[in-house]
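Engineer: Sharing a structure with you now.
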Amino acid sequence: MKRRSILSILGATPALLAGSRLEAAQKSKHTMHSSDAGDKLTGLNPRGIPPAIKLLPMAPRLKTLDGKTIYLISDGFPGADHFLNQVKIWFAKHMPSVKTIYRLKAGGFAADDPKLNAEVKANGNAVIMAIGH
Amino acid sequence: MVTIAFHDLAESNAASRGVPDLRICYTPHPVWGKTDAQMYAYLEGDDPVTHKPLMPEVISALTRPLSAKDKQTGEMTPSTGPKTFTDTADNLQKYYMDNGMTDFMPIVIPTEEKVAAMLKGTSHSPDEMVGELTPARGAFPPWKFTVRQVAINAVMAGATPDYFPTILALAASGQSALFSSTNSLVYAAVINGPIRNKLNMNFGIGAMGPFSQANATIGRAWGLLSKNLCNGGLPGQTYEGSQGNVINYSNLIIPENEEASPWEPLHVQKGFKKEENVISLFFGFGIQQAQGGWGLGVKPVPHYQEAMVCNCVPFATIFGALIVADPLVASGLVDLGYKKKEDLAAWLQPPR
């Protein structure tokens, strides 16, 4: 799976990264487009202040899914429930020892659902979450 | 598992929440409206990113041992680049544009001098924190911003210092004009109070068109700050509107024609004093024009009410509807018995 480097996506989208490129260019002897004629101006950076990002370690992985319980969680977008039902059918057909449990997450797609999280921790071994529509 | 349409959004969002290498597998898009057989075929097919069988990828994501990077902890603050950029005017235009800081129209280069002049339009300190903005509440962690950073965007938009308090108020609302949704939404700001005259805003002919510096640049500044102050407006990442909307260039800035309206001004309806300056925000799909009061009066049009209701219902079921009436139309409606705005609203929402 193609992944961007950590710096390219930690809030540092192409627009943000570009600032670093300019900074590097300005530190060098050759400013960008140095062949262009004309007086130089200094413009200010219009960007706001991003929050610090707390890096979260991923949950430990399972050695095998045999005999494990996987929660299939929908974020509530249309079609996710039907899609996850097909995932459930797929496991039943290809990996029948895996138990799957479907749940609809409370709140908006990005909202936390502490009650469901607690249930998963108590009863599940892994989660597959479906996002999109 | 994420549908491929949300690839960039999912990865940038996971990163901004501290899990840059979150294990995400992709299905074709959409799942909505597909049959069970079609969705099952997705599962038996390939992940459109890796081009490997999807479900084995899912199982691998759950069982593949974590790398050291997967386990990392700590904190980092993303860079937003240097505080200043120096080059020729033409090169700076290109630089600001190429790096996602504009609306792809030429800007006024925000030099220190121009920003200082803009800051004279407010009594607030340049380094005062104004508030927070996010491209979509809940989906993206909000960014903070100062009065100075709002002023930089105001200069870029071509605004004058007189307009700055209004722009600052829009920024302080915490509402992005480029809200990220697969719907291509637009935002409107209704302006009430004496500020409309002070800024020489256009609330006459062509009020919502490109015919007034105040209307145009205040709206444009709202759009630019919605990009720059919160990393918004990046298609596929922080902007998902499938078709986009031309109104996003300058947004809908609507100074109410209080002087000519037969009805109570909006801000007075909401409990403010007439002499207070108030901005009211709205959002929706866009503008739909319709025939005015003529259909009700001089020559009644068959099924006119049904048609007007149909104009509103598709929007109103989700957002409500903002009705903007020319004062002539509004006066005609009063003559026809719609003495208050509420009377017209009731007509547009007949009991079912």
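The values are calculated or read from the model by the stated rules, or taken from the named source; none is laboratory data. Just so it is clear, the structure is predicted and the values come from calculations on it, not from any experiment. Cβ sites come from the backbone with ideal geometry, for glycine too, and all protein chains shown count toward neighbours. What goes into the accessible areas is simple: the full protein's heavy atoms, side chains included, and nothing from ligands, DNA or RNA. Shrake-Rupley method; radii C 1.70, N 1.55, O 1.52, S 1.80 Å.
Engineer: Please specify each residue of the range B:46-66 satisfying the condition of being out of contact with any Lys or Arg (no Cβ under 8 Å at 6 or more places or on another chain), more than 7 Å from every other protein chain (Cβ to nearest Cβ) and either among the β-branched types (Val, Ile, Thr) or assigned to a strand (DSSP E or B) (or both).
Structural biologist: Hit for the range B:46-66 is B:Pro53, nothing else.
Engineer: Sticking with this structure for a sec: Sort out which residues of the range B:104-131 are within 25 Å of B:Asn248 (Cβ to Cβ) and crowded, with 19+ Cβ neighbours inside 10 Å, and write them in order of number.
Structural biologist: Listed by number, the residues that qualify are B:Ile107, B:Ile109, B:Pro110, B:Lys114, B:Val115, B:Met118, B:Gly121, B:Val130.
Engineer: Filter the range B:189-215 for residues that are buried (at least 21 other Cβ atoms within 10 Å of the Cβ), closer than 19 Å to B:Leu322 by Cβ and of a type in the set (A, V, I, L, M) and give the result.
Structural biologist: Result: B:Ala189, B:Ile191, B:Met201.
Engineer: Does A:Asn85 qualify as being among the polar types (S, T, N, Q), within 9 Å of chain B (Cβ to nearest Cβ), at negative phi and in contact with a Gly (Cβ under 9 Å, 6 or more places away or on another chain)?
Structural biologist: For A:Asn85, the condition - among the polar types (S, T, N, Q), within 9 Å of chain B (Cβ to nearest Cβ), at negative phi and in contact with a Gly (Cβ under 9 Å, 6 or more places away or on another chain) - is not met.
Engineer: Looking only at residues in the range B:122-143 that are of a type in the set (A, V, I, L, M, F, W, C) and under 18 Å from B:Ser79 (Cα atoms), which one is nearest to the other protein chains (Cβ to nearest Cβ)?
Structural biologist: Among residues in the range B:122-143 that are of a type in the set (A, V, I, L, M, F, W, C) and under 18 Å from B:Ser79 (Cα atoms), the one nearest to the other protein chains (Cβ to nearest Cβ) is B:Trp143.
Engineer: Let me ask something else. Which one of B:Phe164, B:Phe179 is among the aromatic types (Phe, Trp, Tyr) and closer than 25 Å to A:Pro51 by Cα?
Structural biologist: Of the residues listed, the single one that is among the aromatic types (Phe, Trp, Tyr) and closer than 25 Å to A:Pro51 by Cα is B:Phe179.
Engineer: Residue check, A:Arg61 against (1) within 10 Å of chain B (Cβ to nearest Cβ); (2) outside any helix (DSSP H, G or I); (3) under 22 Å from B:Pro28 (Cα atoms), all met but one. Which one?
Structural biologist: It fails just one condition, (3).
Engineer: Can you tell me which residues in the range B:1-11 are within 23 Å of the chain's Cα centre (by Cα), open to solvent by less than 10 Å² (accessible area, probe 1.4 Å) and touching a residue at least 24 places away in the same chain (Cβ under 8 Å)?
Structural biologist: none
Engineer: Moving to a separate point now. Can you pull out the strands (runs of 3 or more DSSP E) entirely within the range A:65-133 that have at least 1 residues that are closer than 17 Å to B:Cys25 by Cα and open to solvent by 20 Å² or more (accessible area, probe 1.4 Å)?
Structural biologist: So the answer is A:126-130.
Engineer: For the range B:162-173, name all the residues that are buried (at least 19 other Cβ atoms within 10 Å of the Cβ) and more than 16 Å from B:Leu281 (Cβ to Cβ).
Structural biologist: The answer is B:Tyr163, B:Phe164.
Engineer: Being more than 7 Å from chain A (Cβ to nearest Cβ) and not charged (D, E, K, R) is the filter here, so list the residues in the range B:34-45 that pass it.
Structural biologist: B:Thr35, B:Ala37, B:Gln38, B:Ala41, B:Tyr42, B:Gly45
Engineer: Return the residues of the range B:1-18 that are touching a strand residue (DSSP E or B) at 6+ places or on another chain (Cβ under 8 Å), assigned to a helix (DSSP H, G or I) and more than 7 Å from chain A (Cβ to nearest Cβ); say none if nothing qualifies.
Structural biologist: Once the filter is applied, which keeps residues that are touching a strand residue (DSSP E or B) at 6+ places or on another chain (Cβ under 8 Å), assigned to a helix (DSSP H, G or I) and more than 7 Å from chain A (Cβ to nearest Cβ), the range B:1-18 yields B:Ile4, B:His7.
Engineer: Report yes if some residue within the range B:174-184 is of a type outside the set (D, E, K, R), under 28 Å from B:Gln269 (Cα atoms) and open to solvent by less than 10 Å² (accessible area, probe 1.4 Å); otherwise report no.
Structural biologist: yes
Engineer: When you scan the range B:67-163 for strands (runs of 3 or more DSSP E) that lie fully inside it, which ones turn up with 3 or more residues that are under 24 Å from the mean Cα position of the chain (by Cα) and within 19 Å of B:Lys227 (Cβ to Cβ)?
Structural biologist: Where strands (runs of 3 or more DSSP E) fall fully within the range B:67-163 and carry at least 3 residues being under 24 Å from the mean Cα position of the chain (by Cα) and within 19 Å of B:Lys227 (Cβ to Cβ), they are B:129-133, B:143-146.
Engineer: Quick one: in the range B:223-237, which of the residues that are part of a loop (DSSP other than H, G, I, E, B) and open to solvent by 10 Å² or more (accessible area, probe 1.4 Å) is farthest from B:Gly81 (Cα to Cα)?
Structural biologist: Residue satisfying both the conditions and the ranking: B:Gly236.
Engineer: What are the residues in the range B:260-288 that are of a type in the set (Phe, Trp, Tyr) and part of a loop (DSSP other than H, G, I, E, B), if any?
Structural biologist: Passing the criteria: B:Trp263, B:Phe272, B:Phe285.
Engineer: Now for a separate question. With respect to B:Asp21, determine if the residue is without any contact (Cβ under 8 Å) to a residue 60 or more places away in the chain, part of a loop (DSSP other than H, G, I, E, B) and charged (D, E, K, R).
Structural biologist: Spelling it out, B:Asp21 is indeed without any contact (Cβ under 8 Å) to a residue 60 or more places away in the chain, part of a loop (DSSP other than H, G, I, E, B) and charged (D, E, K, R).
Engineer: Okay, next question. Restricting attention to the range B:67-89, report how many residues are surrounded by 15 or more Cβ atoms within 10 Å (Cβ to Cβ) and of a type outside the set (A, V, I, L, M).
Structural biologist: Qualifying residue count, the range B:67-89: 12.
Engineer: Failed condition for B:Gly337, given (1) at pLDDT below 90; (2) in contact with a Pro (Cβ under 8 Å, 6 or more places away or on another chain), with all others met?
Structural biologist: B:Gly337 satisfies all of (1) at pLDDT below 90; (2) in contact with a Pro (Cβ under 8 Å, 6 or more places away or on another chain) except (2).
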